[in-house]
Structure formats: structure tokens, C-alpha cells
Amino acid sequence: MVTEVRIMVTIGEDIDEDEALGSLLENSAPADHNANFPNSTFPTFLLTGVPGLEWAHAWISIPFCCLYLTALSGNTLILFTVLTEPSLHEPMYYFLSMLSTTDIGLCISTLVTVLGIFWLSALEISFNACLSQMFFIHLFTFMESSVLLAMAFDRFVAISNPLRYATILTHARITQIGLAVITRGTVILTPLVLLLKRLSFCRSHLLRHSYCFHPDVMKLSCSDTKINSAFGLTAIIPTAGVDSIFILLSYVLIIRSVLNIASPEERKKAFSTCISHITAVAIFYNPLISLSFVYRFGKHSPPYVPTLIANIYLLVPPVMNPIIYSVKTKQIQKAVLKLVCSKGTHI
């Protein structure tokens with residue numbers, strides 16, 4: 001399942017290190033960080049920008065700034081529009097506002113360290129700050145996967161049982177789903193992060209990305225990490241397994257319901273309501289599949305390739321989701337235009 005690929009890359013899997021890249025990263029770090037490290041439980045880690053392109057960090061920051069601004073402004077606009085426009089107070093748009101919230105959280109989780117590296121060459125991050133960033137990156141990743149599952153269920157109910165749609169997805173039930181999304185991610189990630197505190201770090205403290213990832217930190221430890229690896233893989237079952245199976249099942253049932261509609265026009269109209277969600281699912285997982293292939297088969301690729309892909313895959317969904325739903329959903333288009341025009345009139 002594609003979801004399994006995502007979580008295995010970011011949490012549970014012990015990714016093979018490209019020694020050439022490691023050597024390059026070590027040589028590019030400050031001299032006092034390349035020496036042998038004393039055994040340390042709470043070290044200071046070094047983040048990585050774009051290996052081999054350090055001279056171009058100021059220029060590379062320009063497209064990253066544009067992506068962050070687009071993601072934050074687009075998702076904030078969607079969230080504000082849904083909350084303030086009464087005609088959008090429906091289950092589908094509540095779930096869309098949840099998706100925008102997770103995208104905003106995902107952007108904020110990485111923005112400080114990514115732009116800090118590009119603008120200020122601020123490579124150092126404390127152990128506790130690294131764990132906090134790691135927790136929120138993985139939490140919002142889990143939450144986005146869960147919200148996409150909830151949106152698939154929403155489309156299934158709307159198409160297969162439209163008369164009971166409002167009674168099944170009540171405000172209370174949507175609130176329960178939102179709380180379950182947060183609770184599931186928190187319960188799974190809290191022990192995963194706390195288990196890192198028992199490790200000692202006596203090797204290089206140089207991470208491979210411009211933010212903290214669980215396998216990246218775990219591989220720097222000189223302690224036994226079997227428990228950490230096992231728990232990371234175990235975390236896949238209630239997240240990747242459940243989400244991917246039920247998203248797939250939802251669309252199997254949706255397709256069956258659509259094919260049972262007699263009118264071709266109604267059939268086309270029903271399925272068109274799923275296009276935005278299908279696109280959102282695709283852009284959420286495709287960058288992770290690309291990153292997985294680079295780690296597996298791209299060991300001879302330039303060292304900056306996996307780093308750039310790793311940065312981009314956390315930015316593509318937050319940037320594209322508001323664009324997709326604004327273009328594909330007429331109600332969102334009308335509400336955004338109404339909001340913008342009303343603001344323009346007041347000015």
C-alpha cells in the first residue's frame with residue numbers, strides 16, 4: 001500500500017545510508033563537529049541543507065519561500081472561508097478545513113529550520129527541539145492520512161446513501177472523528193519519541209535532512225535500536241494499514257454505487273465530486289514513493305537529489321491542496337470570490 005511506503009520511509013524503516021553522501025555531509029560540517037563524539041544522551045544535532053550546493057542556499061531559499069507562502073496563505077484562506085461562510089458548513093467542507101489545518105501545521109513544523117539553514121546557516125538543533133519537531137512532523141503526517149480516510153468515507157456516504165448523509169455525518173460525529181484523528185496520532189507517536197530518550201549518541205551528530213526524522217536520528221545512536229525499529233514498524237499497522245485498506249475499500253464501494261446509477265449524466269456528476277479527493281490522495285503519496293525509490297535505487301544519484309525530494313514532499317501537498325479544491329469545487333470558488341470581493345468593497 002502507498003501509505004505503508006510513506007510511514008516506513010519516515011518512521012519505522014532503517015534506511016540504508018549512502019556512505020558517499022555521509023562523507024560529503026561530514027566534510028561540509030564545521031571542524032569541531034567532525035571529531036569523535038563523547039557518549040552523549042542529549043546531543044546537539046547538525047541539520048543539512050542541500051549537499052554540494054551550499055553556495056546556492058540563498059538562491060534555493062527563494063522557491064522554498066514562495067512554496068511556504070503559497071501553502072500558508074492558501075490553506076489559511078480555505079480554512080477562514082469554510083469557517084465564515086454558512087453555506088459551507090457541511091461535512092465535506094469541515095473535513096476540508098481539517099485538511100487545511102494539518103497542512104498549515106506541517107508547514108510550520110519545518111519552516112523555521114529549513115529557512116534558518118538557507119538564510120542564516122543555522123545548522124544546530126538541540127536534542128529536545130529535534131524530538132519536538134520530529135513529533136509534530138510525524139503527527140501532522142499521520143493526521144493528514146487520517147483526514148484523507150475520513151474524506152473518502154464522506155464521499156462514500158454522500159454517493160451511496162445521499163438521503164441519510166446529513167443524519168450519518170452530524171456535527172457531533174464530525175467532531176468525534178477530528179478528536180480521534182488527533183488522539184490516534186498522539187498515542188502512537190508519544191512512546192516512539194520517548195524511546196529515543198533512552199539512546200546514547202557517540203557517533204557523528206550530522207542529520208541528513210533540514211529537519212528531524214525518526215530513522216535519521218535513530219541511526220546516529222551507538223545504543224541498541226532494535227526496540228525503536230520494532231516499535232516504528234509496529235506503528236504502521238494502526239496507521240498505514242488501516243488507512244490504505246479503507247481508502248481503497250471506500251473507492252471500490254463508490255465505484256460500485258456510481259455504476260448502479262442509471263443516468264450517465266448523474267453518474268458523471270457523482271464521480272466528479274471525488275476528483276479533488278483522488279488528486280489530493282495522489283499528491284500526498286507520490287512524492288513519498290519517489291523518495292523511497294531514490295533511497296532504494298538512487299545511491300549513485302547526486303547527493304542533493306534525495307535532500308531536495310525530502311524537502312519537497314512535505315511541501316507539495318500543502319501547496320497543491322488549496323489549489324485543487326479551489327479549482328475543482330465551485331462552492332469553494334464562489335465563497336472565496338465572495339470573501340475577496342467583500343473585503344475589497346470595505347477597503
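Using the Kirkwood radius over C-alpha pairs as Rh, can you work out the diffusion coefficient of region 122-247 via Stokes-Einstein at 20 °C, viscosity 1.002 mPa s, in µm² per second? The partial results should precede the final answer.
Values: Rh = 16.6 Å.
Rounded, D is 129 µm²/s.
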More than 19 Å apart - percent of Cα-Cα pairs taken over region 75-130:
47 percent
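So, with +1 on the Cβ of K and R and -1 on the Cβ of D and E, and no other charges, what is the size of the charge dipole of region 54-339 about its Cα centre, to the nearest 20 debye? Numbers along the way, then the final one.
Details: 20 positive and 12 negative charges, 95 e Å.
It comes to approximately 460 debye.
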Spacing of the two label points (7 Å from each Cα toward its C-beta) at Leu163 and Thr273, in nm
1.6 nm
What percent does the relative contact order of region 97-222 come to when contacts are Cα pairs within less than 8 Å and at least six residues apart?
33 percent
How much area per residue is accessible in region 185-302 when the probe is 1.4 Å and only protein heavy atoms are counted (Å²)?
47 Å²
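How much length is gained if the chain between Val112 and His89 is pulled fully straight, taking 0.36 nm per residue apart and subtracting their Cα-Cα distance, in nm to one decimal? Write out the running numbers ahead of the final one.
Values: separation 23, 0.36 × 23 = 8.28 nm, distance 3.34 nm.
Length difference between fully extended and current span is 4.9 nm.
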Considering the Cα positions of region 180-318, please state its Rg to one decimal place and its Dmax as a whole number of Å.
20.0, 68
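Pairwise over distinct Cα atoms, reciprocal of the mean inverse distance: report the Kirkwood radius of region 54-339 in Å, one decimal place. Before the final figure, lay out each step's value.
Details: mean 1/r = 0.0486 Å⁻¹.
Computed over Cα pairs of region 54-339, the Kirkwood hydrodynamic radius comes out at 20.6 Å.
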In region 54-339, what percent of the accessible surface is made up of carbon and sulfur (1.4 Å probe, ligands and nucleic acids excluded)?
72 percent
Calculate one ³J(HN,Hα) per residue across region 59-72 by plugging θ = phi - 60° into the Karplus curve 6.51 cos²θ - 1.76 cosθ + 1.60, and present them in order as whole Hz with x for glycine and proline.
6, 5, 5, 4, x, 5, 4, 4, 5, 5, 4, 4, 5, 5
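Between Lys338 and Glu54, how high is the FRET efficiency from 1/(1 + (r/R0)^6) when r is the Cβ-Cβ distance and R₀ = 35 Å? Nearest 0.05.
Numbers: r = 47 Å, r/R0 = 1.34.
Given R0 = 35 Å and the Cβ-Cβ separation, E is 0.15.
For the ranges 264-277, 91-104, 162-175, what's the packing order if you count other beta-carbon atoms within 10 Å of each residue, average per peptide, and put the highest first? Before the final figure, lay out the partial values.
Working: 264-277: 14.8, 91-104: 23.3, 162-175: 12.1.
Going by the mean number of other Cβ atoms within 10 Å, highest first, we get 91-104, 264-277, 162-175.
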In region 97-130, which residues have a backbone nitrogen under 20 Å from the label point lying 7 Å from Cys65's Cα in the Cα-to-Cβ direction?
107-123
For region 160-212 and region 74-138, what is the separation of their C-alpha centers, rounded to whole Å?
14 Å
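Please give the direction-averaged projected area of the C-alpha convex hull for region 108-187, in square nanometres with one decimal.
Numbers: hull surface 27.8 nm².
Dividing the Cα hull surface by four gives the mean projection, 6.9 nm².
The values are calculated or read from the model by the stated rules, or taken from the named source; none is laboratory data. Only a predicted model underlies this, so the values are computations on that prediction, with no experimental measurement involved. So basically every Cβ, Gly included, is an ideal-geometry build from the backbone, and we count neighbours across all protein chains shown. Protein only, heavy atoms only, side chains kept; ligands, DNA and RNA dropped before computing areas. Shrake-Rupley method; radii C 1.70, N 1.55, O 1.52, S 1.80 Å.
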